[in-house]
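The values are calculated or read from the model by the stated rules, or taken from the named source; none is laboratory data. Everything numeric in this text was worked out from a predicted model, so none of it was measured. Neighbour counts are summed over all protein chains in view; Cβ atoms, including those assigned to glycine, are modelled from backbone coordinates with ideal geometry.
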Amino acid sequence: MTTTNFSAGSLGLTRAQGTRPCYHEIPQLLADATESQMAKLDKSKAKQPDIAAKKKLEEALRQVEDDEIINSDSDDSFLADDHDKDGGDESDGEGSIALDDVDKFGILKAAGNSPAGTEDDGGSAYHDSESAEDETPSSSGTSDIDGSAQSITTRLSDIESDSPSLEEDDDNAIRSLQKAIDNASRKSEEETFKIKKRKKLGLPTHFTPTVDEDDGTFVPAKKKVTLDDIRAHTSSSFGTRSLARLDELEKRSKGKSEVVKSRLGRRLEARVDRAAAYEIAKAEVGKWEDTVKRNREAEHLEFPLQQSGGVATADITNSVDADAEVYGEKLVYGLEDREFSLDEVVTRRNELRRMRELMFREEMRAKRVKKIKSKTYRKIHKREKERAQEIAAQLEGEPEGEDEEDYDRLVKRARERMELRHKNTSKWARDVKRMNLHKDKGTREELEEMLRRGEDLTRKIEGDDDEITDDDDDDELPSIPDMEEEAENAKGIMTMKFMKEAEERLRKQTREVFEDLRRMEGGDDEIEEQVTDSAIKIINEGRRQYAPGGQEAKGLAEDAVEESNAADYAPGPLERKMATIVVKDGGISSVTSSRQKLNRTESKKVEHKSAEASNPWIQDVEPGSVAKVQSVLSLSKDSTRDAKTEARLKRARKNAEKAANAVANGDADVKINVNQILQVRDVHDDGDAGADGFADSQVTMVYKGGRRAKPAEFQQRELVKRAFAGDDVVREFEAEKKRTIEDEGDKEIDVTLPGWGSWTGKGVRKPQKKFVQKIEGISPKNRKDSKLKNVIINEKAAKRSAKYTAGTVPFPYETREQYERSLRMPIGRQWATQTTVQRLTKPKVMVKPGVVIEPLSAPFAT
Amino acid sequence: MSVVKSSEHVRLPGAGTTNAGSDMFGSIYSRSTTNKNVRVKDRKLRANIKRTDQKYKDAIRAAKSTELLLQEDAGFLEAEGMEKTYKFSQTELKKHVDVTTASKGFELKLEHFGPYEIDYTRNGRKLLLGGRKGHVAAFDFREGTLDTELHINETIRDVKYLHNDQYFAVAQKKYVYIYDKSGTELHCLKKHIEVTNMEFLPYHFLLATVGNAGWLKYQDVSTGDQVCELRTKMGPTTSLAQNQYNAIIHLGHTNGTVSLWAPNTSTPLVRILSHKGPVRAISVDRGGHYMATAGADGQLKIWDVRMYREVHAYYTPTPSTALDISDRGLLAVSWGPHVTIWKDALRTKQKSPYMTHLNPGATVNDVRFCPFDDLLGFGHDEGFTSLIVPGAGEPNFDALEVNPYETLQQRREGEVHGLLNKLKPEMIALDPNFIGNVDPRAPEERRQALVLETTDETDKKVGKADAKLQPKAKMRGKNSALRKYLRKKSKNVIDERKLRVEVALEREKKMRQDNLKRRKGLPVEERKLGPALARFGK
């Protein structure tokens, strides 16, 4: 098992004054760093191929191979253990390369040969960045590393192919690399030992971020680059020999290892365990739920309770019987096969019942949940569901990148990346711009890098799209005019002078490269083939799409970027996008223009209207009102005699009507007609009684015999006289009523202090302010006797004794009506039958004296 | 020929079957008008309310089912063909009823002490007669046994049985007296002066009296306390009646108004202008729905007491003197020597009376229906007459409530139970079901009312007790400001002021002694110098 460790040593330097890298950024930074380092190497080697370097590398590779063999032989059991913990996709990851150590001098330090080191690193990385990982899809790191790995392999191939052209100063680098390799091997051996120890202790050893002991940089090693990855991304320029070796390695490893499911993190496992335990405990406790509920709701409890839950007994036995009926057939059927003991039958029946119960409950729950309309609830549950799915996926150990889920995850990741602030809109970027810090080289570089990364990230998505839509165009190079056009469309920081200059430079260089590539394209068919091959192989990897021309073109392009410090170098899709935007703009403008037209017409109308409104001759008045005005005018001006008399007549008629109405309503100021007040009114047939007059309306207490009957007229006069005997009574009563109304009505008390603010002398005004205290009473309208003529109801005296009333509605009741309704039924023997009284006064709990009360037993014996 | 539909019903409570059937179901057994389902949010409460409602319904059903046990039926006189029920005379009736019933229609000739006031006990067993000129008689009119007969040589204005036949109150010339069954005078209620009318509230054990002075006074007969005195401010009260439904007292005044009173309010709850002349008689039906008033203006009016609306009015040729409404809703009106009985006269206006009776030569003074019997007793100038009025009494009785056939033991039990279940005077209100309900007043207002209520009572009780127990300081003249000062001053502190005070006291003492000596003629050591210059001498 071989691992090649690179570390991004220069990281600390380059990011020092810039934004702080997040955990998930680190792989990317790493990749960038390596790329930049390698680019330098590349450039130098382009002139002079260095044979020595190549040799060294080959040697290193050989060493790697040997070490791997040794390790795999010696640590068989350990390997299995490791794989158990790693992702399934890493099962074939022997000889995988973790990009760990590119030191700050930009030198390939170690083709490290210990798997243990890698494992260790990975493990620690996981532990420290767990929280971060929870949020980000785990694949993010992987592909970053993949990317960087790819770039490195590219460099490797470069080194190999162009090794003779290496410069002298690279000798130093090679030497230090050798040293690093030695160190790494030693270190890894030690760590292997450590790991073994740790394994025994049962400590998790994977996925922990480590701090490199040498230079104190973070070493993310979540995912390792597999051999497949390397092979996939190698171009034709890579040595075929090393490829063959890799193949060999893979074959060997495949023979030995198996796909083993990975274990989850400790906390994750614990969580799942807890959830499961909770479910079990809940189910256990839930057995009593029904009984407890029933007992709580029971109106009356008599202790000792009947077995299996007091009142519920009857119900349960019933249900048991029903169950027996339902499952009778099944039971019989089962009994035919073999003989069951009674216990078995009971347990089985219970099981069945339980299952049915559970199913029913689940169904009910689902029904209930389905009804819930709360958005927050849905959101929370969606998240939960996702998490569960994730866990499930992890438990199953599905290899990543094979499912649709993976695609989803990629999309998500991409979206997340879109949100990164790799634009010059961040505060920092703005500050740089504002304070002219971009003149400082370091800052400028950083800024550019940031922008470039933003570009990269967005382009990754586009690359994906491209892959899907036009695979055939991949090998075509972008035309230079396109690039130029793009440069013209540049915005923001790109409009600055230095950027323009840089761009100009870049363009020049690109043109050169472009020419070169053209030549190469024309000449070398082999390369083309390989390019297409690679393009096919990397279908899922959007990162491959830097430049449609394939690996070399991309590399060159990147070189150019590095040199010119320009952020964008005109890829195809962007341009297309711009074009579409332009098209859209056109559309929009047309639309807007049409809308404007509409608006214009509308505004015209409005104007027209307003003109109309402002026209004094055209009044928007209803005809009726106009007529009214006219009539008024006519009366005042055209004062013909007829009209006047007519008006007078009208007024008179109106007054008469009003008076009549007043009389009808009783508003008129008429003297109190006592006769009216005390007129006997027959409620049941008032039509007759009211009309016929006093005596006729009344039935005398006498039996009117024919002999005794007096002349009706005389009798009536007599009666009326007698009836009016106490005439004053009525007036007195009304005065009394008036007084009561005043007493109980609103009162105003003048609380002005006598003499306060009052002065004597010439020209002194009287104090205007009167201090009046108003005490609210019962208004005459709201009085109960407002419509009762001969009745005074004392509103104040109707107070009830506070002692016998409740101040507020007592607890369980919500409203007064509910509470008072519960009171309406008297319990006493005077009002209810004996049985009712007994039932109503039965205590809630009755305990049989001298009996031991057992605790509740579970209703189901499982 | 007149026919009494069922002869049994004329017997004591036990006759005929009641038609208290379906139409009475609602009024008798159900307690609330609002039975609509209120939406309740709380599940537990909802279940609770539902359960309570169910219980309520069950209780009603159970109560209704007990109607099966009501064996007796009430019946009325029924006329055939051209006959009119009001034409039947007592003598004719007596021919057609059983002997026991016929024996209950009797006449007592008491010419010398009339006119008579009458009263029945609540169970209708005993009759109490009070002749204006000082004759009191209590007896069981069925058995013909006399409990007591008294001649109090004093005017008697009213007589009233208390909670049972053991005690009765007599409103005499000046005070109200309470006698027991054997005629022993137990109490003289000296605060009830010149009482003209009395009522007894059996559930509250309150004797309500009102007299010429126009004071309504409540006397608790179980404790002997006077609950309250209410000034009507309307002159002499001419009539008094109680509403058995809510224990409200109805007073009739000379100015034609009827006022409604409860013991805990100093002003009348309601005033109704009923007549133009003095209100001569008032009666309220058992259910507390209707009130009949008779005035000196010759009117007889029926009022709905719940709505305070006049339902309808009748006319009496001469002003009515007494009114009574029976348990079954018959209205008896006396005017002059006549007694007219009206059937269904409260709900609907009747054209003709149910029965009439003429008592020639004697003005009727008081009319009472005998509870649980088809009898109407009236006291008049010349004694007492008992009329047979078929359908007047409630045929079915609740022995737990009022038992006409109660034994000695039952009477005693009933008395104790009654005392235990005695209601407080404050519980009297127009709506007797207010107890336990939520107070509609604002909390602050309620709190004040509560404080007022409690302090009132405690003052009454504690204040009196304090007045008796606290000793008064009766040693006079032994104290002075100087002595007090010295007493208060700590003994061991000697300062300038103390010295001065001691000197002053000493001087005072000397002066007193000198005075004493002078009074006794003893020689007194005279000082040459006055008090101001004395210090310079010697």
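Would you check if there is a residue in segment A:446-465 being under 24 Å from A:Glu501 (Cβ atoms), among the hydroxyl-bearing types (Ser, Thr, Tyr) and either surrounded by 14 or more Cβ atoms within 10 Å (Cβ to Cβ) or modelled with pLDDT under 75 (or both)?
no
Collect the residues in segment B:149-175 that are closer than 20 Å to B:Arg412 by Cα and polar (S, T, N, Q), keeping them in residue-number order.
Passing the criteria: B:Asn164, B:Gln166.
Scanning for something part of a strand (DSSP E or B), within 17 Å of B:Gly256 (Cα to Cα) and within 13 Å of another protein chain (Cβ to nearest Cβ), does segment B:325-338 turn up at least one residue?
no
Looking at (1) surrounded by 10 or more Cβ atoms within 10 Å (Cβ to Cβ); (2) more than 7 Å from chain B (Cβ to nearest Cβ); (3) over 57 Å from the mean Cα position of the chain (by Cα); (4) farther than 20 Å from B:Ile272 by Cα, find the lone condition where A:Val751 falls short.
It is condition (1) that A:Val751 fails.
Restricting attention to segment B:104-130, report how many residues are of a type outside the set (Lys, Arg), part of a strand (DSSP E or B) and touching an Asp or Glu at 6+ places or on another chain (Cβ under 8 Å).
7
Looking only at segment B:180-205, which residues are part of a loop (DSSP other than H, G, I, E, B), in contact with a Ser or Thr (Cβ under 6 Å, 6 or more places away or on another chain) and buried (at least 19 other Cβ atoms within 10 Å of the Cβ)?
Hits for segment B:180-205 are B:His192, B:Phe205.
What do you reckon, is B:Arg280 of a type in the set (Lys, Arg) and more than 10 Å from chain A (Cβ to nearest Cβ)?
yes
Within segment B:385-399, can one find any residue that is in contact (Cβ under 8 Å) with a residue 40 or more places away in the chain, more than 22 Å from B:Lys343 (Cβ to Cβ) and not in a loop (DSSP other than H, G, I, E, B)?
No, the conditions are met nowhere in segment B:385-399.
Regarding B:Ser352, is this residue of a type in the set (S, T, N, Q) and in a strand (DSSP E or B)?
no
Would you mention how many residues in segment B:400-437 are of a type in the set (Asp, Glu), buried (at least 16 other Cβ atoms within 10 Å of the Cβ) and in a loop (DSSP other than H, G, I, E, B)?
1
Among the residues of segment A:748-798, which ones are of a type in the set (A, V, I, L, M, F, W, C) and assigned to a strand (DSSP E or B)?
Passing the criteria: A:Ile749, A:Val772, A:Ile775, A:Val791, A:Ile792, A:Ile793.
Given the conditions (1) of a type in the set (S, T, N, Q); (2) facing another protein chain (nearest Cβ under 7 Å); (3) closer than 18 Å to B:Ala442 by Cβ, and given that A:Asn782 satisfies all but one, which numbered condition is not satisfied?
(2) is the only condition that A:Asn782 fails.
Going by the structure shown, is B:Ile341 under 30 Å from B:Asn433 (Cα atoms), in a strand (DSSP E or B) and of a type in the set (Val, Ile, Thr)?
In short, no.
In this structure, does A:Lys789 turn out to be within 9 Å of chain B (Cβ to nearest Cβ) and touching a residue at least 40 places away in the same chain (Cβ under 8 Å)?
Spelling it out, A:Lys789 is indeed within 9 Å of chain B (Cβ to nearest Cβ) and touching a residue at least 40 places away in the same chain (Cβ under 8 Å).
Being in the same structural domain as B:Leu323 (by TED's automatic domain parsing), assigned to a strand (DSSP E or B) and surrounded by fewer than 16 Cβ atoms within 10 Å (Cβ to Cβ), is that true of even one residue in segment B:150-161?
Yes, some residue in segment B:150-161 is in the same structural domain as B:Leu323 (by TED's automatic domain parsing), assigned to a strand (DSSP E or B) and surrounded by fewer than 16 Cβ atoms within 10 Å (Cβ to Cβ).
Which one of these is more than 14 Å from chain A (Cβ to nearest Cβ), among the charged types (D, E, K, R) and either touching a residue at least 40 places away in the same chain (Cβ under 8 Å) or touching a His at 6+ places or on another chain (Cβ under 7 Å) (or both): B:Glu67, B:Glu72?
B:Glu72
For segment B:286-301, what are the residues that are surrounded by 24 or more Cβ atoms within 10 Å (Cβ to Cβ) and more than 9 Å from chain A (Cβ to nearest Cβ)?
Scanning segment B:286-301 gives B:Met291, B:Ala292, B:Thr293, B:Ala294.
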